[in-house]
Amino acid sequence: MNPLSRLLILVGTVTNTAERVAQTIEIDCADLIDRIEVRMMDGLNIRTFEEDALYLICSSTYGSGDVPDNARALYESLGSEPKFLGHVRYGVIALGDHGTHPQTFCQGGQRFDERLTDLGAVRLGDVFCHDASAGTEAEIVATEWCRDWLAQALQITEKA
């Protein structure tokens, strides 16, 4: 399967907001790519990145800027089982609350971005950060961002 024909959204969540964002993207962006799969990060590890896909990390932030509990095994495996991920192309949706946690705002998603970059994976576009205190619905603004991101990511990888 051509990796450009599949988007794999990996979800790290505490309150299910990231899961709702991913599910909305799955529905609203289906016209842009052949297949979108939403997968909770529970029990995943670095081998997940061996699949042929364009990846989207969708992660909330927990506690003091940590990744959610369901994402911990995947995140930790990126450090404990490091391998070169130069074939991986990905984007990041980071969810947080700047009003309540300004020092650790969106660090769950940003931590994944740092680990993936350290392993040679290539992020396409900027990390999208949603602020829960901004008064916007994460599902709506993240899906709007994803439509633009996905169109650009497909165009970039098509030229490569």
How far is it, in nm, from the label point at Ser5 to the one at Thr117 when both lie 7 Å from their Cα along the line to the Cβ?
3.3 nm
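Would you calculate, for the chain, the mean residue ellipticity at 222 nm contributed by helices, counting each DSSP H stretch of 4 or more residues as -39,500 (n - 2.57) and dividing by all residues, to the nearest 500?
-11000 deg cm²/dmol
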Is the shape of the chain rounded, prolate or oblate, going by the alpha carbon gyration tensor and its root eigenvalues a ≥ b ≥ c, with a/c under 1.5 for rounded and a/b larger than b/c for prolate?
oblate
Charges at C-beta only: +1 for Lys and Arg, -1 for Asp and Glu. How large is the resulting dipole of the stretch 3-159 about its Cα centre, in Debye rounded to 20?
360 debye
Starting from 0.36 nm per residue, how many nanometres of slack lie between Ala30 and Asp42 once their C-alpha separation is accounted for?
1.9 nm
Which Cys residues of the chain have no other Cys Cβ less than 4.7 Å away and so no disulfide-compatible partner by this rule?
Cys29, Cys58, Cys146
Which loop-located chymotrypsin sites (Phe, Trp or Tyr not before Pro) does the stretch 50-142 contain, where loop means any DSSP state but H, G, I, E or B and the Cβ has at most 13 other Cβ atoms within 10 Å?
Phe84
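Using the Cα gyration tensor of the stretch 67-119, with a ≥ b ≥ c the square roots of its eigenvalues, what is the shape: rounded (a/c below 1.5), prolate (a/b larger than b/c) or oblate (neither)? Walk me through the intermediate numbers first.
Values: a/c = 2.70, a/b = 1.82, b/c = 1.48.
Note, shape of the stretch 67-119 comes out prolate.
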For the chain, the charge dipole (Cβ of Lys, Arg +1; Cβ of Asp, Glu -1; about the Cα centre) points to a positive end, and the Cα of Gln110, Thr143, Tyr62 closest to that extreme belongs to Gln110
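Assign one of three labels to the stretch 21-96, namely rounded, prolate or oblate, based on the Cα gyration tensor with a ≥ b ≥ c the square roots of its eigenvalues; rounded applies when a/c is under 1.5, prolate when it is not and a/b is larger than b/c, and oblate otherwise. Please list the in-between numbers first.
Values: a/c = 2.14, a/b = 1.22, b/c = 1.76.
Oblate.
Just so you know, all these numbers are worked out from the coordinates, no wet-lab data involved. Predicted, not measured: the structure shown is a model, and the values here were computed from it. Every residue, glycine as well, gets a Cβ built from its backbone with ideal geometry; the counts of neighbours run over all protein chains shown.
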